[in-house]
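Note sheet for the following structure.
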Amino acid sequence: MKTPQLLNYARDRWIAGEGTLVELPSAIDGSPVAATGSGGLDFAAMLAHARNVGGPALRKLTFHERARMLKALGQAIMARKEELYELNYATGCTRKDGWIDIEGGAGTLFSFSSKGRRELPDAYVLLDGQLEPLSKSGAFVGQHVFTSLQGVAVHINAFNFPVWGMLEKLAPTLLAGVPAIVKPASPTAYLTEAAFRIMIEAGVLPPGAVQLIVGHVGDLFDHLTCQDVVSFTGSAQTAMKLQSHPIIARESVRFIAERDSLNASILGPDAAPGTPEFDLFVREVCTEMTVKAGQKCTAIRRALAPAEFIDAAEGAIRERLANTKVGDPRAEDTRMGALVNRGQREDVKAKIAEIAAAGARVVAGDPEAQAGPDGGAFLSPVLLRADDPWTCDAAHDVEPFGPVSTLMPYSDLDDAVRLANRGRGSLALSMFSHSPEAARDFVLGAAAYHGRMLVIDRTNAKDSTGHGSPLPVLTHGGPGRAGGGEEMGGIRGVKHYMQRTALQSSPAMIAAITDQYIPGGPKHVVETHPFRRRMSELIIGDTLQTKSRTVTLEDIEHFAHFTGDTFYAHMDEEAAKASPIFEGRVAHGYLILSFGAGLFVDPDPGPVLANTGLENLRFLTPLYPGDSMRVELTVRSKSLKSEDTGVVRWAVEIFNQKDELVASYDLLTENVP
Ligand code: NAP
């Protein structure tokens, strides 16, 4: 039977690559799964299509519309996930490994969809931080804003997460309103192509939003501009080659690099054999060695233990690894499948030899044994031990991208910190300790070198998401050796595909430009109480102006005795006068808030379900007995929480009889959409 050829998706058409094709072998038996190639593609035209068709179409959608699109893509993947699981085995992965890639990928789309609807406005511009006053009168202000880049995101992915790797980059990119060209790593491109096809067939993406290259990228880099982003995941070697392309430097093309990483896990000085932390450490090291056959950028490559516990740690890890069944990933009792192909296995074996030559010895597993069916890329988990971690340079420098870890002793916490940092920058580090002092010293000494750190102990282990799992809501990336890039991290990840601009103008102008309410900007005074309208009927800038009420000395005294808040400034005229702040007794801030609510609240049940909090509260001008107060309540932003509830952010401004601002805050309410 002829090997199926993978197709490229260029300019909204499926196209077979021309010329020489590369055969992609199955990890299980070496038989060809697919052939791939991108010869004949017009890469410049693909970039132009993304810029001229995909970008404008995506930028016409608001953040919320794009977020809904991500959800539909995630649902499409989930509806056809079994097709992907079937292909997943050929990559050497068990079903459990595939779950991280396939359902983890869809989960990332859902997470960004939900964050997009909750944390971004239903608009095109994202405000960054608060308004900066730039003049005394308030007529000239500054506001940082993010707008979508007008280029293309080129995503170059590693082989180990063919689905998640694509989706964790696509989710923030599409949410930012930027089109993408995806280039999967060849060894597992058949699984990426299948997931990509599902998204195209779902029919929810505008034309030009995504394209796929299965093969080399030709002269693509020669046509990049300052509006493009290259987001790369793979080895340090390839990253360096691509990053030093002259166009990247000349055009200041953004380059996000996620490279290899010598991640460490530390057994705390307090975590002696017999403690829960010791057992948790042993379990985590073994899990990280065997999940996806250790082909995870975040896997624990260096396990550090106090010198006095290292023999016990080695014994416990060996025992656990001995019970890990390696073999055909389709078999139910298999715990660890194969490496992606035999070439990868040879690479891992060569790197084990390099670490051994630098002074480590193999204490578990046999790199030369065929650990599974013939023809497959099987390797048993291999634990190395380096008794002098300061002379075994390779243990801190060479990444065997497979089921391999090196166990090393440390003398004290300071030594552990310095050894952890010897990886010259990593993606993830875990510490197993129940000692807050040790954890504090360790994190302060090491955090600058590590992108994500977990401190695991008996109280949180059950709920822990694990050393090796990057999460959509947390940043993924690390300094130095790890590439210096950052991905995901919720809305932080979206901003990598947007430009921050410092905008200076009047509040009214900035409100018009950003389509959002800006304090000091125009308001539309409404007659119908906004609490009587559903969220969809509220317009940003709609303002309720209340009548005013006078605050008397009796009110202040009543409030003081009723609540027990008899602070001197409200009760003692002489002391209040003597203070550098007040001219006499003043109303409580809490009284002002309560009277404010009494002025603007519309009491009957309706679309406003509950008050869920106040933010950015400031008391700006004292309110004295005899002063009056009134409120302006303005719709500031709206976001959906679920299909049935939403959150409205209201700007609340309380003025006195001289129209001076007495207090201001954001009120959050839960509303019927
Ligand atoms: P790789 O060999 O560096 O390849 C990475 C990607 O670069 C692949 O898509 C590859 O395509 C592409 N590529 C290679 N040469 C290129 C060129 N001249 N122009 C354009 N693209 C080119 O890495 P890998 O073997 O796939 O992945 C394993 C490595 O990735 C490990 O070192 C691992 O630590 C690292 N990794 C890091 C992360 C992270 O988030 N930091 C995640 C996963 C993996 P072809 O396959 O077609 O050559």
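The numbers here are math on the coordinates, done by the rules we state, and not lab data. All figures in this text were calculated on a predicted structure; none of them were measured in a lab. No Cβ is skipped: glycine too gets one built from the backbone with ideal geometry, and neighbour counts run over all protein chains shown.
Check the range 657-668 and report whether any residue there is more than 23 Å from Val525 (Cβ to Cβ) and either in contact (Cβ under 8 Å) with a residue 60 or more places away in the chain or within 38 Å of the chain's Cα centre (by Cα) (or both).
So the first thing to find is which residues in the range 657-668 are more than 23 Å from Val525 (Cβ to Cβ), and the list is none.
No; the residues of the range 657-668 include none that is more than 23 Å from Val525 (Cβ to Cβ) and either in contact (Cβ under 8 Å) with a residue 60 or more places away in the chain or within 38 Å of the chain's Cα centre (by Cα) (or both).
Answer yes or no: is there a residue in the range 435-443 that is outside any helix (DSSP H, G or I) and over 16 Å from the mean Cα position of the chain (by Cα).
Our first condition is that a residue be outside any helix (DSSP H, G or I); within the range 435-443, this holds for 435.
Those still in the list that are over 16 Å from the mean Cα position of the chain (by Cα) too: 435.
Yes, there is a match, as at least one residue in the range 435-443 is outside any helix (DSSP H, G or I) and over 16 Å from the mean Cα position of the chain (by Cα).
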With the structure loaded, tell me whether Val494 is surrounded by 24 or more Cβ atoms within 10 Å (Cβ to Cβ), closer than 27 Å to Val154 by Cα and touching a residue at least 12 places away in the same chain (Cβ under 8 Å) or whether it fails that test. yes
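Provide a single number: the residues in the range 250-303 that are of a type in the set (Asp, Glu), more than 16 Å from the ligand (Cβ to nearest atom) and buried (at least 24 other Cβ atoms within 10 Å of the Cβ). First the steps, then the outcome.
Kept after step one, since they are of a type in the set (Asp, Glu), are these residues of the range 250-303: 251, 258, 260, 270, 277, 279, 284, 288.
If we keep only those that are more than 16 Å from the ligand (Cβ to nearest atom) as well, we get 251, 270, 277, 279, 284.
Subset that is buried (at least 24 other Cβ atoms within 10 Å of the Cβ): none.
Qualifying residue count, the range 250-303: 0.
Would it be correct to say that Arg549 is basic (Lys, Arg) and surrounded by fewer than 18 Cβ atoms within 10 Å (Cβ to Cβ)? Write out each step before concluding.
Values: basic (Lys, Arg): yes; surrounded by fewer than 18 Cβ atoms within 10 Å (Cβ to Cβ): yes.
It is true that Arg549 is basic (Lys, Arg) and surrounded by fewer than 18 Cβ atoms within 10 Å (Cβ to Cβ).
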Of the residues in the range 620-648, those that are without any contact (Cβ under 8 Å) to a residue 60 or more places away in the chain and buried (at least 18 other Cβ atoms within 10 Å of the Cβ) number 1
Please give the number of the condition Thr528 fails out of (1) in contact (Cβ under 8 Å) with a residue 60 or more places away in the chain; (2) not in a helix (DSSP H, G or I). (1)
Residues (under 20 Å from His450 (Cβ atoms) and not in a strand (DSSP E or B)) located in the range 294-319: Gly294, Lys296, Cys297, Thr298, Ala299, Ile300, Arg301
Contacts under 6 angstrom Cβ, first residue in the range 134-147 being surrounded by fewer than 14 Cβ atoms within 10 Å (Cβ to Cβ), partner part of a strand (DSSP E or B), 6 or more apart: Leu134/Val141; Leu134/Gly142
So, Val229, is that one near the ligand (Cβ under 10 Å from one of its atoms) and closer than 21 Å to Gly483 by Cα or not? no
In the range 457-492, which residue that is in contact with a strand residue (DSSP E or B) (Cβ under 7 Å, 6 or more places away or on another chain) and under 22 Å from Phe63 (Cα atoms) is nearest to the ligand (Cβ to nearest atom)? Glu487
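In the range 1-98, which helices (runs of 4 or more DSSP H) lie fully inside it and hold 1 or more residues that are within 16 Å of the ligand (Cβ to nearest atom), in contact with a strand residue (DSSP E or B) (Cβ under 9 Å, 6 or more places away or on another chain) and of a type outside the set (Asp, Glu)?
Numbers: elements: 43-49, 55-59, 63-79, 81-88.
Passing ranges, in order: 43-49.
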